[in-house]
Amino acid sequence: MTEPGVPFGARLFAIEGRIDPAAFDSERRLSELASVFADPARARAMAAADDVVVYRGSTAPVPERQGEVGLATTRIEPGRVGDEFFMTHGHLHRLLEGEAYIGMAGQGGLLLRRGTEVAWVEMQAGIVGHIPPGWAHRTVNVGEEPFTFLAVYPRLAGHDYPPVAREGMGARVLRARFGYRVVRDDGTEIAARR
Ligand code: PAN
Ligand code: ZN
């Protein structure tokens, strides 16, 4: 593993959705995420039959120090719970820090929320999504292949999950006839690709 705090070049594997070297890898399975879906009972039943990995991450060896820039990849598998696409849990940063997501492969989107404001950014290879400070963020795989991206962030930004677990993201991303629609909790559609 690369020494912490030293310059290095890391290789990105776009389709696999990983970075090398990685200090650690993580995975989130459907059973752990059931409660974030609109139909948790259905997610639990699916997980009981086959507790698939919904997404995995790899994090480059950047030390947790002020000023350091973290590099982490995420790969979200294609799939749905009912009509709702597989997605990340979603979080706020502990510190008031922004982040950039660089699309590497597949078709996805970035769902953002700040209070009652909800935004949707389509993501694919070649698109950089900008997450301003103070916005909760979640990514969604709206395609048939893995959706992968690189996150670039202040290493100390941190993850705060309970607000999203409690209040959700203000909208859900659902299958449409040929694509998807992004529907706010009040039923308004804010984006669609059909
Ligand atoms: C990303 C996310 C990653 C997984 O690296 O942490 O996509 O999503 P959850 O953390 O919501 O499970 C990031 O935004 N880092 O700040
Ligand atoms: Zn983040």
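The values are calculated or read from the model by the stated rules, or taken from the named source; none is laboratory data. Small disclaimer: the values here were computed from a predicted structure and weren't measured. Note that each Cβ is placed from the backbone with ideal geometry, even for glycine, and that neighbours are counted across all protein chains shown.
Observations on the model:
- Selection over region 132-142 of residues that are surrounded by 17 or more Cβ atoms within 10 Å (Cβ to Cβ) and either part of a strand (DSSP E or B) or out of contact with any Lys or Arg (no Cβ under 6 Å at 6 or more places or on another chain) (or both) gives a count of 7.
- Checked across region 56-67, the condition of being part of a loop (DSSP other than H, G, I, E, B) and over 23 Å from Leu156 (Cβ atoms) holds for no residue.
- Val128 vs. criteria within 20 Å of Ser58 (Cβ to Cβ), more than 10 Å from ligand 1 (Cβ to nearest atom) and free of Cβ contacts under 8 Å to residues at least 60 places away in the same chain: yes
- Candidates in region 160-170 are the residues that are in a loop (DSSP other than H, G, I, E, B) and within 16 Å of ligand 2 (Cβ to nearest atom); of these, the one that is surrounded by the fewest Cβ atoms within 10 Å (Cβ to Cβ) is Tyr161.
- Filter result for Glu32 (surrounded by fewer than 20 Cβ atoms within 10 Å (Cβ to Cβ), free of Cβ contacts under 8 Å to residues at least 40 places away in the same chain, within 12 Å of ligand 1 (Cβ to nearest atom) and not polar (S, T, N, Q)): yes
- Within region 134-150, the set of residues being of a type outside the set (Phe, Trp, Tyr), closer than 26 Å to Ala10 by Cα and within 16 Å of ligand 2 (Cβ to nearest atom) comprises His137, Arg138, Thr139, Val140, Thr148, Leu150.
- Filter result for Ser35 (in contact with a strand residue (DSSP E or B) (Cβ under 7 Å, 6 or more places away or on another chain) and either modelled with pLDDT of 95 or more or closer than 30 Å to Arg114 by Cβ (or both)): no
- Residue among Leu96, Leu112 that alone is among the aliphatic types (A, V, I, L, M) and touching a strand residue (DSSP E or B) at 6+ places or on another chain (Cβ under 9 Å): Leu112
- Among (1) closer than 30 Å to Ala60 by Cβ; (2) part of a loop (DSSP other than H, G, I, E, B), the one test that Gly187 misses: (1)
- Looking across region 124-133, just one residue is among the β-branched types (Val, Ile, Thr) and more than 16 Å from ligand 2 (Cβ to nearest atom), and that is Ile127.
Residues checked against (1) assigned to a loop (DSSP other than H, G, I, E, B); (2) over 12 Å from the mean Cα position of the chain (by Cα); (3) surrounded by 17 or more Cβ atoms within 10 Å (Cβ to Cβ); (4) modelled with pLDDT under 95:
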| position | (1), (2), (3), (4) |
| --- | --- |
| Leu110 | no, no, yes, no |
| Ala125 | yes, yes, no, no |
| His130 | no, yes, no, no |
| Glu144 | yes, yes, no, no |
| Tyr153 | no, yes, yes, no |
| Gly158 | yes, yes, no, no |
| Arg172 | no, yes, yes, no |
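- Residue check for Val121: within 14 Å of ligand 2 (Cβ to nearest atom), within 13 Å of the chain's Cα centre (by Cα) and either more than 13 Å from His89 (Cβ to Cβ) or polar (S, T, N, Q) (or both): yes
- Tally of residues being in a strand (DSSP E or B), more than 17 Å from Val182 (Cβ to Cβ), within 11 Å of ligand 2 (Cβ to nearest atom) and under 14 Å from the mean Cα position of the chain (by Cα) across region 69-108: 6
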